Amino acid sequence: MNPKQLNEDETYLTDKTIYVQCFDLVTKKWWNEAKIFNENISKDGIVAYLFPGPFHTKFGLIHVGETDVFLYDFKHNRFNIFLSEKSAQIHGRFTPQKERLFYAKDSTLFFFDPQNGLIDSISFGERDFVDTGIPIYMGINKTALLLDNPYPLIIIILAILSGLIFLILFKRNKKLKHKVEFLMNSYLISGKKGNGEITVANQESFRENLTEVEKGLLDIIVSNTSVDTMTTITQVNQVLGISNKSLKIQNNIRAATIQIINKKFMVYTSSNDDLIERQRTEFDKRFFEYFIQRKYLGKVK
């Protein structure tokens, strides 16, 4: 049996990418997001920043390498290199025999020798360095990051799918609502429907205040009630001509039609009684059956 390894190999967790981030000393703000350091630029120079240290100038950050002097213009994303003559002058100030303190101001580099108290300087301008054509940094590839870490990608995909499903259901529900309103207006032509109020045009005959659809529905319920038979939902749907409609449309139109008939009856008779009543079926309590209230059956017949 092999002993369990005490130190697990976690090298695969190491991100070897070198990122670039800048802090603007004027605005006191960082970049919104880090950039990726260009691999075409030697990484050794970046690692060796501790000595000799970089100069911060108005042209960018000057870094003295082993053989060359570089200028990193982060603002314009340019990797510049000093010409050999100016590079030799700067290198000459970094002799191992003399330890100097150095700093920069505008376009001048200053070198202070603490042994003798003297300050040496080198001025430079745009003519002293050239653009290598190599960018310092590149934007982070968000697609690659998502592929490397699929969990945010899965969340984004699920959010998009949820949004699409919600949009489809919302549009379907809105379309269904308009369809219901259109069909209800088609079936319930008479009777002024406003603020829940119903008026009758003919005070002499209750039947004359009904539409043809309402008359047909009332006739079949009266006929069935007269022989002690309940009127089923299927029969009501057939009379209203909505058998091929969706269940929601059937329920809305059926309920609205019966409600209109009952309200017209209440207005006509000046009562609060429903003419058409309903009860749940015995074999399935989810459905209803309809009948005429007995005390009004003789009048409507």
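Quick look at the values:
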item	result
Gyration tensor (alpha-carbon) shape descriptor, segment 227-297, a/c threshold 1.5	oblate
Placed amide H near residue 129: partners under 5 Å, 5+ positions off or other chain	83
Residues whose placed amide H lies under 5 Å from that of residue 78, excluding near-sequence neighbours	73, 136
Gain in span if fully extended, residue 294 to residue 208, counting 0.36 nm per residue against the direct Cα distance	28.8 nm
Net charge dipole size for segment 205-301 [Lys, Arg +1 and Asp, Glu -1 on Cβ; Debye, nearest 20]	180 debye
Estimated vicinal HN-Hα couplings, Hz - segment 272-282 in sequence order (Karplus 6.51, -1.76, 1.60; Gly, Pro = x)	10, 8, 7, 6, 9, 10, 9, 8, 6, 6, 6
Highest average packing first - 107-116, 81-90, 260-269, Cβ atoms within 10 Å	260-269, 81-90, 107-116
Carbon plus sulfur fraction of accessible area for segment 194-301, probe 1.4 Å, in percent	46 percent
Added length on full extension, which subtracts the Cα-Cα distance from 0.36 nm per residue, residue 283 to residue 28	84.0 nm
Three-way shape call for segment 80-136 based on the alpha-carbon gyration tensor, with the a/c threshold at 1.5	prolate
Listed peptides 129-138, 31-40 by packing density, highest first (mean Cβ within 10 Å)	129-138, 31-40
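The values are calculated or read from the model by the stated rules, or taken from the named source; none is laboratory data. This is a predicted model, so every value here is computed, not measured. As a convention, Cβ positions derive from the backbone with ideal geometry for all residues, glycine included, and neighbour counts pool all protein chains shown. Accessible surface is based on the protein model in full, side chains and every heavy atom, while ligands, DNA and RNA are left aside. Shrake-Rupley method; radii C 1.70, N 1.55, O 1.52, S 1.80 Å.
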